[in-house]
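The structure appears right after this line, and notes come after that.
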Amino acid sequence: MKKKRLFAFILLLALSVMPTAARAEPSLSAQSAVLMDMESGRVLAQKDAHVRRPIASITKIMTALLAVESGRLNETVAISDRARQVEGSSLYLEKGDKLKLEELVYGLMLRSGNDAAIAISEHVAGTPEKFAALMNKKAKEIGMKNTSFMNPHGLHDPAHYSTAYDMALLTSEAMKNSTYRKIVSTDLYKTKSKPIRVWENKHRLVRSGGIITGGKTGFTKKSGRTLVTTAKKDGMSLAVVTLNAPGDWLDHTSLFEYGFHSYSQTMIVGKTPFAVPGEKQLYYAKKQVRYPMTSDEKKSAYIRLVIGSGQTGKAELWIGNEKQTSITVYKTKERAATSLWAKLKKELMAW
């Protein structure tokens, strides 16, 4: 067995920030909720985040993502009788109406049109049932372990459910797509197809602008109010998901205030090579990796480097006795000139 070497370095991250009093997690109306950092996937606050519940129209986040990823947004869609007849929230489309797929995605996300959801699913996959299979396949790829999609709109079905945590994972994945981000951040949209339709976003926080970058509303009698919102401030992007939350707007505002006040992003490793004592070669990561921490957490945070005999190793971030994340690092052909400690100290003082 090849022997691995381990090095531990105290980061003293508290040197890089002014002390800030941590806020208590807010009291929530939601039955389930999660506040997630979309870059690292770290959960900053949660309430029954893994409990399966009906999710109503926030289902359409997956519908929109698959439509965007299909690469067919410029194609024309003819509205079917099945799309026209679907119940619930609607764009009031008529059989035979023709719109671009992109226009339907705007109507789906801004006005929560169930008719748009059916039309999108038929155009992308042939039928809503086949589209639901694509939704579940994508959910599995993302890591949504407690989710089952039965339709593209979220109307109640006992076998259609998800969790606050899974929907935050989905939202984080969707927000990586620039076209999706543009659609969900739009407060008012006018179609180019005739007749011209003008749609205002139902999500009041998106309409308010500021730090809010997107979101989706939802409601059925079975699910109660469901809501997804994303926001960005000081280089940190957060997602909030609430399920069955009578006071969802306040829940989301309170969770964002808590997250942005209590946590800040800290760079852990990056593309800039760093040295390890006793090693002749430098190490680097293929991308910059940041992690949100409170000022108190930074006092006990450190990185452990597990170096194998090959060309890679692992940089592990620990806070106290708990490992938070692990990043693969690679050897370079350069010889070490600067110690890891000196590099980390320089990065932190600059940050």
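The table below gives the values:
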quantity: Value at 222 nm in deg cm²/dmol, rounded to 500, when DSSP H runs of n ≥ 4 in the chain each add -39,500 (n - 2.57); calculated: -8500 deg cm²/dmol
quantity: Calculated from backbone phi, Karplus (6.51, -1.76, 1.60) coupling profile of region 167-182 in Hz, x at Gly/Pro; calculated: 5, 5, 4, 4, 4, 4, 5, 5, 6, 6, 8, 5, 5, 4, 4, 4
quantity: Long-range HN-HN contacts of Thr325 with modeled amide H, under 5 Å; calculated: Leu317
quantity: Region 111-168: trypsin sites (Lys or Arg not before Pro) in DSSP loop, at most 15 other beta carbons within 10 Å; calculated: Lys145
quantity: Integer Hz, Karplus 6.51/-1.76/1.60 couplings in order for region 94-105, x for Gly and Pro; calculated: 10, 4, x, 4, 10, 9, 5, 4, 4, 4, 5, 5
quantity: For Glu297, solvent-accessible area (1.4 Å; no DNA, RNA or ligand), Å²; calculated: 40
quantity: Among Thr332, Thr147, Thr186: highest mean-square fluctuation, GNM of the chain, C-alpha pairs under 10 Å; calculated: Thr332
quantity: Region 216-225 - phi-based ³J(HN,Hα) in whole Hz, Karplus 6.51/-1.76/1.60, Gly and Pro as x; calculated: 8, 9, x, 6, 9, 5, 6, 8, x, 6
quantity: Nitroxide proxy distance, nm - points 7 Å out along Cα→Cβ at Glu257 and Lys192; calculated: 4.3
quantity: Most mobile listed residue (Met267, Met135, Met175) in the chain, GNM with C-alpha springs under 10 Å; calculated: Met267
quantity: Trypsin sites (Lys or Arg not before Pro) lying in DSSP loop within region 199-234, provided at most 15 other Cβ fall within 10 Å; calculated: Lys221, Lys222
quantity: Gain upon complete extension [Asp157, Glu69; 0.36 nm per residue less C-alpha separation]; calculated: 29.1 nm
quantity: Residues whose placed amide H lies under 5 Å from that of Gln281, excluding near-sequence neighbours; calculated: Ala336
quantity: Rounded D (µm²/s) - region 85-237, Kirkwood Rh over Cα pairs, Stokes-Einstein at 4 °C, 1.567 mPa s; calculated: 80
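The values are calculated or read from the model by the stated rules, or taken from the named source; none is laboratory data. Here the structure is a predicted model, which is why all the values come from computation and not from measurement. Please note: Cβ atoms are built from the backbone with ideal geometry, for glycine as well, and neighbour counts cover all protein chains shown. Protein only, heavy atoms only, side chains kept; ligands, DNA and RNA dropped before computing areas. Shrake-Rupley method; radii C 1.70, N 1.55, O 1.52, S 1.80 Å.
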